[in-house]
1. Under the condition of being among the hydrophobic types (A, V, I, L, M, F, W, C) and surrounded by fewer than 17 Cβ atoms within 10 Å (Cβ to Cβ), which residue from the stretch 238-267 is nearest to Gly368 (Cα to Cα)?
2. Being under 21 Å from the mean Cα position of the chain (by Cα) and either crowded, with 24+ Cβ neighbours inside 10 Å or outside any helix (DSSP H, G or I) (or both) is the filter here, so list the residues in the stretch 109-131 that pass it.
3. Which one of these is at pLDDT 95 or above and farther than 15 Å from Ala396 by Cα: Leu331, Leu347?
4. (1) crowded, with 18+ Cβ neighbours inside 10 Å; (2) among the charged types (D, E, K, R); (3) within 19 Å of Leu319 (Cβ to Cβ): which one isn't true of Asp270, the others all being true?
5. Quick one: which residue in Val290, Val304, Val259, Val284 is in a helix (DSSP H, G or I), more than 30 Å from Pro356 (Cα to Cα) and modelled with pLDDT of 90 or more?
6. Among the residues of the stretch 301-354, which ones are within 16 Å of the chain's Cα centre (by Cα) and of a type in the set (D, E, K, R)?
7. Kindly indicate whether any position in the stretch 331-340 is surrounded by fewer than 23 Cβ atoms within 10 Å (Cβ to Cβ), within 30 Å of Arg90 (Cα to Cα) and not small (Gly, Ala, Ser).
8. Output the number of residues of the stretch 185-197 satisfying the condition of being in contact (Cβ under 8 Å) with a residue 12 or more places away in the chain, under 18 Å from Leu55 (Cα atoms) and among the small types (Gly, Ala, Ser).
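The values are calculated or read from the model by the stated rules, or taken from the named source; none is laboratory data. Since the structure is predicted, the reported quantities are computational estimates derived from the model, not experimental observations. Cβ: placed from backbone, ideal geometry, glycine included. Neighbour counts: every protein chain shown.
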Amino acid sequence: MYLTDRSAPAGAETEQGRRRGSRPKVAPVVLVLGTVSLITDISSEMVTAVLPLYLVTTLGFSPLGFGALDGVYNGVSALVQLTGGHLADRIRSHKLIAGLGYGLSALCKPLLLLASSIGALGTLLALDRTGKGLRTAPRDAMISLSTPPERQGRAFGVHRAMDTTGAMLGPLTAFLILNAAADGYDAVFGVSACVAVLGVVVLVLFVPGKERTAPVDQVDRQPPVRPAEALALLRLPRLRALAGCAALLGLTTVSDAFVYLLLQRRAGLDEGWFPLLPLGTAVVFLLLAVPAGALADRIGRHTVFLAGHLALLTGYALLVWAPATPALPFLVLALHGVFYAATDGVLPAALAGIVPEHLRASGLAIVGTSQALARFCCSLAFGAAWTIWGYGPALAGSAIGLLCCAAVAGLVLRPARDPR
């Protein structure tokens, strides 16, 4: 099985050469979707930044209760991605399904003001993550379908950079509101809801409804996509290889929360600095997302994808074996950001030459879900290993596992030899 991720239709290079001077490097729809994601991430990260403190200190939740809610918050979206991707392809409207996802998440924000029990909060968080799961595959499909194959990496890099900008601004906005408002948490949830609505408005007004490159009359004559047709994508050797390798590597990818907690303990950082650790990763991700995507377009997306996991492996090694010097947090966070820049947008970009246009969202959902579920399993296993053996042996085991999985993925995803 091979992942040939730089393929293009015959004659594409000639056409590309004729149009190079007149065609923008990034399609306008990518910039608009990036703006929608930026606004939405400001809203969602405002809530994410204050939710643990709100649940534990204001509502008096136990760590077990918070852990259950956190599992719901991070696990539901992975299961819903398949539904969102299939519905978008079936009704041939990626914008509609993405809009429903964004709208559902926006609706949940003000309702947080009314919820005070674990059941009500769990339901709202599950609905919010359902919205995220619904919109992810259709949104990425719109990016992919509006971009020529040779520029997929750059397009996804631009989108992820704008998305990460919102992820950085969200916690800072929540911090400012908590320090300025008398009833800080209610103000955070209220402002978050208004910002989320703004994101939906931008999507509705500025994202075009048709993003396919095929003629509209041909698209309209296509029959609705059946579930069996979407599942038949797994018969494609290259998609099966990509989904399998994404899941395999995800099984040894420790969650961000554990990485930051381990870094805080190993470096002996004061607890007051802990909320700023994710910002360190986000800054590096923001700076490198576009260059990493452009590099993937030139040298091969599988190469950059695997290099990102090697950067993560280096970060694990530093956490396990490096001395606790002042430089340790900066090095680990930089490598963590490199990992996301080299993988988060590059993975969906690699699907451009594999999945047919009318099944693009379904293909993205299959790969994204396999990776997300594998990472969820890794979090459970790592937490259990930490409890039994301690964080050092647990992370050392993850590092060894990641090295082995990366070696296997390198063999599976190696490019086919040029017959010439």
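1. Just the residues of the stretch 238-267 that are among the hydrophobic types (A, V, I, L, M, F, W, C), to begin with: 239, 241-243, 245-249, 251, 254, 257-259, 261-263, 267.
Of the ones still in play, those that are also surrounded by fewer than 17 Cβ atoms within 10 Å (Cβ to Cβ) are 257, 261.
Details: Ala257: 20, Leu261: 26 Å.
Across the stretch 238-267, the extreme among qualifying residues is Ala257.
2. Answer for the stretch 109-131, where residues must be under 21 Å from the mean Cα position of the chain (by Cα) and either crowded, with 24+ Cβ neighbours inside 10 Å or outside any helix (DSSP H, G or I) (or both): Lys109, Asp128, Gly131.
3. On the way: Leu347 fails: at pLDDT 95 or above.
Every option except Leu331 fails the conditions.
4. Of everything listed in (1) crowded, with 18+ Cβ neighbours inside 10 Å; (2) among the charged types (D, E, K, R); (3) within 19 Å of Leu319 (Cβ to Cβ), Asp270 misses just condition (1).
5. Working: Val290 fails: more than 30 Å from Pro356 (Cα to Cα); Val304 fails: more than 30 Å from Pro356 (Cα to Cα); Val259 fails: modelled with pLDDT of 90 or more.
The match here is Val284.
6. Listed by number, the list holds a single entry, Asp344.
7. no
8. Final tally of qualifying residues: 2.
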